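**Q** Sharing a structure here in structure tokens format.
The values are calculated or read from the model by the stated rules, or taken from the named source; none is laboratory data. Just so we're clear, the structure is a prediction, and the values are computed from it rather than from any experiment. Note: ideal-geometry Cβ built from the backbone for every residue, glycine included; neighbour counts use all protein chains shown. Just so you know, the surface numbers come from the protein's heavy atoms only, side chains and all, with ligands and any DNA or RNA stripped out. Shrake-Rupley method; radii C 1.70, N 1.55, O 1.52, S 1.80 Å.
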Amino acid sequence: MSKETEISEEQQTFALSVIVNGQSWNGQIPVQETLLEFLRNRLGLTGTKRSCESEICGACTVLVESQAVSSCNYLAYEAHGKSVLSIEGLSVGDQLDPLQEAFIRNMGFQCGFCTPGQLMMAKALLLDNPSPTREQIVEGMNGNICRCGAYPAITASILEVAGLTAKK
Amino acid sequence: MLRPFRVLEPSTAGEAAAELGRLGERAKVYAGGAELLLLLRHKLVQADYLVNIKRIGALDKITWDGGILRIGATVTHHRLEKEPLVQKYLPMFAHAESQVANLRVRNQGTLGGNLCFNDPHSDPGPALLVYEASVKLAGASEERLTTLDDFFVDMYATTLRPDEVLTEVQVPPLPAGFSGAYARVHRFQRPTVAVAAAVKIENGRLDNVRLAVGCVGPKPQRLQELEAKIRGISLKDAQRVISQSGPYFMKLLRPVDDLLGSADYKLYMTRTLLARALEEAPNGDRGAKSAKGD
């Protein structure tokens, strides 16, 4: 996409080819569409939440090529040729991710609104460092706000999974 | 929803500058988008065109040329905190980068974008002032180099011309014998007050010192007058001078009340953090322990 040759009359669209939760998706999207809008409105994947829209709260966290991003502030066209993981793709069929199981065991949530973002951020942290210390978890999760205050249980859940992974 | 815009993807910095010159105010440089997309959403900035500079290959490189670390404008904060060359030659800066907002912002936001926005509540600026960094600015046909100190003009204002692109940040390591510290207090994932210090201690005295403060007023500031005053004296004496320099900070830093803290609080914390950073700096190149405030 260079210059204005591919710009349609009013809006510039982009031929996006992206893998979302293991499935490929191809189609035209406006260049100004955010990844959050793409996931929620186009694909109906509403597990990813819209909240602060300022990259502060973390409710819209998804992984692009295993890196955590705020999907509210990330243009969907930037995911072209890449792999996106949202909360809907965290479990494999009925098999929950160890993080999801740990969150349930430890009650790492109350209302659950921030939970998809918490889980995706935790997933990104563990992909980067499978056995983080408590301090590293707290530091890494500092951009994910939980207004119910489930922080201790969230930290405990991640520590538990980190321990499981470390033993393997 | 973002108001519709068009994206241009030039392949050289000169081409990008030419597009910016042609389109004027209607175009904005787009790299990570961490700040730009926020401002577009809140309609604080309008753009009909985003000039994406991420396709300009040379801009995402970090290279060591034997005397200067050259950091391409589109290198992200996360790469800077992890990059071995940065950890080796600019450890205090690597630490400051690890403090930027949160991991998502660090994955997306670029150093060039951060410096060009010159948001007063930001980590890289004060740290880089202590390293005496320079920035390379490319126009359509020529380039210029300017010190970061001169580049920062005021809140959200720099000497970058509308038809220029920041392409590279050049950072020399601290001179031999120096070590640094970076200390901050923060709220809402942005620093309320940030200070950077580099010191060279000899026979228990501050043989040489560099200090910078960010976030208190409109832009990050080197504290050259204070540095001259405390050069050659002991750490304890220097800390006493700092505690008595209220009027100096008031005049130089032009503190403002904002969402993150009152002017009084920021001035108080400036003195506290400077004293702390001076104490921590000789012990290594990491940052001083930061206070939390979320």
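**Q** What's the total number of residues in the range B:178-212 that are in contact (Cβ under 8 Å) with a residue 40 or more places away in the chain, over 13 Å from B:Leu278 (Cβ atoms) and either open to solvent by 50 Å² or more (accessible area, probe 1.4 Å) or in contact with a strand residue (DSSP E or B) (Cβ under 8 Å, 6 or more places away or on another chain) (or both)?
**A** Matching residues across the range B:178-212 total 10.
**Q** Next question. Looking only at residues that are in a loop (DSSP other than H, G, I, E, B) and touching a strand residue (DSSP E or B) at 6+ places or on another chain (Cβ under 8 Å) in the range B:34-53, which one is most open to solvent (accessible area, probe 1.4 Å)?
**A** Here the answer is B:Asp48.
**Q** Something else: Given the options A:Asn21, A:Asn41, A:Asn26, name the one that is within 11 Å of another protein chain (Cβ to nearest Cβ) and open to solvent by 20 Å² or more (accessible area, probe 1.4 Å).
**A** Only one candidate qualifies: A:Asn41.
**Q** Across the range B:73-98, what is the number of residues that are farther than 22 Å from A:Val64 by Cα and either of a type outside the set (Lys, Arg) or not in a helix (DSSP H, G or I) (or both)?
**A** Within the range B:73-98, residues that are farther than 22 Å from A:Val64 by Cα and either of a type outside the set (Lys, Arg) or not in a helix (DSSP H, G or I) (or both) number 12.
**Q** For residues that are at pLDDT 95 or above and among the polar types (S, T, N, Q), scanning just the range B:263-294, find the one that is surrounded by the fewest Cβ atoms within 10 Å (Cβ to Cβ).
**A** Residue satisfying both the conditions and the ranking: B:Thr272.
**Q** Looking at the range A:123-149 only, could you name the residues that are more than 11 Å from chain B (Cβ to nearest Cβ) and not polar (S, T, N, Q)?
**A** Across the range A:123-149, the qualifying residues are A:Lys123, A:Leu126, A:Leu127, A:Pro130, A:Pro132, A:Arg134, A:Glu135, A:Ile137, A:Cys146, A:Arg147, A:Cys148, A:Gly149.
Conditions tested, residue by residue: (1) without any contact (Cβ under 8 Å) to a residue 12 or more places away in the chain; (2) aliphatic (A, V, I, L, M); (3) within 14 Å of another protein chain (Cβ to nearest Cβ).
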residue	(1), (2), (3)
A:Glu55	no, no, yes
A:Val62	no, yes, yes
A:Gly81	no, no, yes
A:Gly93	yes, no, no
A:Leu96	yes, yes, no
A:Met107	no, yes, no
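**Q** Just need a number here: residues in the range B:9-30 that are within 11 Å of chain A (Cβ to nearest Cβ), out of contact with any Leu (no Cβ under 7 Å at 6 or more places or on another chain) and open to solvent by less than 40 Å² (accessible area, probe 1.4 Å). It would help to see each step written out before you state the result.
**A** Here is the first cut: in the range B:9-30, the residues within 11 Å of chain A (Cβ to nearest Cβ) are B:9-11, B:15, B:19, B:23, B:30.
In the following step, the residues that additionally are out of contact with any Leu (no Cβ under 7 Å at 6 or more places or on another chain) were identified as B:9-11, B:15, B:23.
Applying the additional criterion that residues be open to solvent by less than 40 Å² (accessible area, probe 1.4 Å) yields B:9-10, B:23.
Within the range B:9-30, residues that are within 11 Å of chain A (Cβ to nearest Cβ), out of contact with any Leu (no Cβ under 7 Å at 6 or more places or on another chain) and open to solvent by less than 40 Å² (accessible area, probe 1.4 Å) number 3.
**Q** When the range A:46-61 is examined, which residues are found to be open to solvent by less than 30 Å² (accessible area, probe 1.4 Å) and either among the charged types (D, E, K, R) or more than 23 Å from B:Arg190 (Cβ to Cβ) (or both)? Steps first, please.
**A** Filtering the range A:46-61 for residues open to solvent by less than 30 Å² (accessible area, probe 1.4 Å) gives A:47-48, A:55, A:57-61.
If the condition is that a residue be open to solvent by less than 30 Å² (accessible area, probe 1.4 Å) and either among the charged types (D, E, K, R) or more than 23 Å from B:Arg190 (Cβ to Cβ) (or both), then A:Gly47, A:Thr48, A:Glu55 are the ones that fit.
**Q** Check whether at least one residue in the range A:1-18 is more than 14 Å from chain B (Cβ to nearest Cβ) and not charged (D, E, K, R), and report yes or no.
**A** Within the range A:1-18, one or more residues are more than 14 Å from chain B (Cβ to nearest Cβ) and not charged (D, E, K, R).
**Q** If B:Thr74 satisfies every condition in (1) in contact with a helix residue (DSSP H, G or I) (Cβ under 9 Å, 6 or more places away or on another chain); (2) away from chain A (no Cβ under 13 Å); (3) closer than 19 Å to B:Ala133 by Cα but one, which is the exception?
**A** The single condition B:Thr74 does not satisfy is (2).
**Q** When you scan the range B:101-108, do you find a residue that is in a strand (DSSP E or B), within 14 Å of another protein chain (Cβ to nearest Cβ) and closer than 23 Å to B:Lys82 by Cβ, even just one?
**A** no
**Q** Could I ask something else about it? For the range B:164-177, how many residues are more than 18 Å from B:Gly72 (Cα to Cα) and crowded, with 18+ Cβ neighbours inside 10 Å? Before the answer, list the steps.
**A** In the first step, residues of the range B:164-177 are kept if they are more than 18 Å from B:Gly72 (Cα to Cα); the result is B:174-177.
Adding the requirement that they be crowded, with 18+ Cβ neighbours inside 10 Å leaves B:174.
The number of residues fulfilling the criteria is 1.
**Q** Same structure again: Please tell me if B:Asp257 is among the charged types (D, E, K, R), in contact with a helix residue (DSSP H, G or I) (Cβ under 6 Å, 6 or more places away or on another chain) and open to solvent by 70 Å² or more (accessible area, probe 1.4 Å). Before the answer, list the steps.
**A** On the way: among the charged types (D, E, K, R): yes; in contact with a helix residue (DSSP H, G or I) (Cβ under 6 Å, 6 or more places away or on another chain): yes; open to solvent by 70 Å² or more (accessible area, probe 1.4 Å): yes.
When the stated conditions are applied, B:Asp257 passes them.
**Q** Identify, please: which residue in the range B:218-230 is over 13 Å from the mean Cα position of the chain (by Cα) and surrounded by 22 or more Cβ atoms within 10 Å (Cβ to Cβ) and is, among those, farthest from B:Tyr131 (Cα to Cα)?
**A** Top of the filtered list is B:Ile230.
**Q** Continuing with the same structure: Of the residues that make up the range B:216-231, is at least one in contact with a helix residue (DSSP H, G or I) (Cβ under 8 Å, 6 or more places away or on another chain), farther than 22 Å from B:Ala96 by Cβ, of a type outside the set (A, V, I, L, M) and at pLDDT 95 or above?
**A** yes
**Q** Another question, if that's okay. May I ask you to list the residues in the range B:109-134 that are within 14 Å of chain A (Cβ to nearest Cβ) and in a helix (DSSP H, G or I)?
**A** Within the range B:109-134, B:Gly113, B:Asn114, B:Phe117 meet the criteria.
**Q** Just name the residue that is modelled with the lowest pLDDT out of those in the range B:81-133 that are of a type in the set (D, E, K, R) and either within 22 Å of B:Thr146 (Cα to Cα) or surrounded by 22 or more Cβ atoms within 10 Å (Cβ to Cβ) (or both).
**A** B:Asp119
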